[in-house]
Amino acid sequence: MPASAALSDDPILVFGGSGSRLLTGKICAYLGVPAARGETRRFSEGNLFVRVLENVRGRRAYVVQTIAFSANDHFMELLFWIDALKRASAESVTAVIPYFSYAKGDKKDEPRVSIRARVCADALQSAGVDRVVTLDLHAAQIQGFFKAPVDDLQALRTVCEAVEAQRPGNLVVVAPDAGFTKKARRYAARLRADFALADKQRSGHDEKAECLEVIGDVQGKHALIVDDFTISGGTLVEVSKKLIERGASGVWAAVTHGVFSAGAMARIEASPLAKVLMTDSVETQPEPLSAKVQVVGAAPLLGEAIRRIHQRESLSDLYD
């Protein structure tokens, strides 16, 4: 059921960036409000122009913008939205970033590299952002890069409900690498399933990974690989092959962010993966989604977070 959307004297204003037009519409439908009016134009040399077409003086505004395809253009557009709203005298601007792609650059783990997530956080704050709402940040410590509040929502409940609705028997949840072990165990607990871990090796920045072994019993079980995002699909495919080799009866995957670069769909189609569940945090993929891909709506979660922020209510139980 749509949420009761607005305070009587302060209706919610939700603007959609060009990276999240569809998701913005779904969020507004959940809230029971029309999408706020604005426009984005791209000039011939790639220059972006943003204009707010609403009176926002003294209002609290929300901008929904995923940072993917093209990550740089959509990030710059988000900065311009924030700046335009602040210059139009909005009381506050909340950036709702369903997929924050630069979260992958969260540390200086080799010489002479940028901590990209920190640079992006500084830029958002320089533009005037008052709050950030995002979904399954790649690294939770990125919240500390901001002085403004950051709500890092979790898609676990949303994804698990979709799995439970069509639950295969004898389920084992599989973490694709050691770094995702803690979150994967939460999926296993929620789904009342066994747990296993893939030993993955990545040799460079080419988005290719090798699955060396599976730690845990998957023989005769239906495996569910869980991860926060996939770009090439390479990790999911390699882990699914190893799981079948180790006797898994079938393999699904569930990711929050299905980024899916060119070639990912063909890779998934040719793999042992029978189903890939993902939220609609990314909608600008360069290729149509495979029939194996099932999209799970994140609008109710994001919309409810916006509603609660607007009405100054707690978000605690959204983290469940």
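Any read-out appearing in this document is the output of simple, stated calculations on the displayed coordinates, not a laboratory observation. What you are looking at is a predicted structure, and each value in this text was computed from that prediction instead of being measured. Glycine gets a Cβ as well: all are built from the backbone with ideal geometry, and neighbour counts include every protein chain shown.
Per-structure values
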{"quantity": "P(r) histogram, all alpha-carbon pairs of the chain included - 10 Å bins from 0, percent", "calculated": "6, 26, 33, 23, 10, 2, 0"}
{"quantity": "Cα shape, the range 1-93, gyration tensor, a/c 1.5 rule", "calculated": "oblate"}
{"quantity": "Proximal lysines relative to Lys26, as straight alpha-carbon distance under 26 Å, when same-chain residues fewer than 8 apart are discounted", "calculated": "Lys86, Lys275, Lys292"}
{"quantity": "Rg/Rh for the range 28-174, where both radii come from Cα atoms and Rh is the Kirkwood radius", "calculated": "1.03"}
{"quantity": "Kirkwood Rh and Cα Rg combined as Rg/Rh, the range 87-127", "calculated": "1.11"}
{"quantity": "Once exposed loop GluC sites (Glu not before Pro) are cut out (DSSP; at most 16 other Cβ, 10 Å), longest piece of the chain", "calculated": "92-206"}
{"quantity": "Value at 222 nm in deg cm²/dmol, rounded to 500, when DSSP H runs of n ≥ 4 in the chain each add -39,500 (n - 2.57)", "calculated": "-8500 deg cm²/dmol"}
{"quantity": "Most mobile listed residue (Val282, Val50, Val63) in the chain, GNM with C-alpha springs under 10 Å", "calculated": "Val50"}
{"quantity": "Shape of the range 93-208, Cα gyration tensor, a/c cut at 1.5", "calculated": "oblate"}
{"quantity": "For the range 156-296, the fraction of alpha-carbon pairs in successive 10 Å shells from zero, as %", "calculated": "13, 48, 35, 4"}
{"quantity": "Estimated dipole of the range 156-296 in Debye, rounded to 20 [Cβ of Lys and Arg +1, of Asp and Glu -1, Cα centre]", "calculated": "460 debye"}
{"quantity": "Order by protection proxy (mean Cβ within 10 Å, highest first), peptides 135-144, 64-73", "calculated": "64-73, 135-144"}
{"quantity": "Span from the the range 122-152 Cα centroid across to the the range 222-244 one, whole angstrom", "calculated": "28 Å"}
{"quantity": "Principal axis dimensions, largest first and in whole angstrom, of the range 216-280 by Cα", "calculated": "32, 20, 16"}
{"quantity": "Dimensionless Rg ratio for the range 264-320, taking C-alpha atoms and the 2.2 N^0.38 Å reference", "calculated": "1.56"}
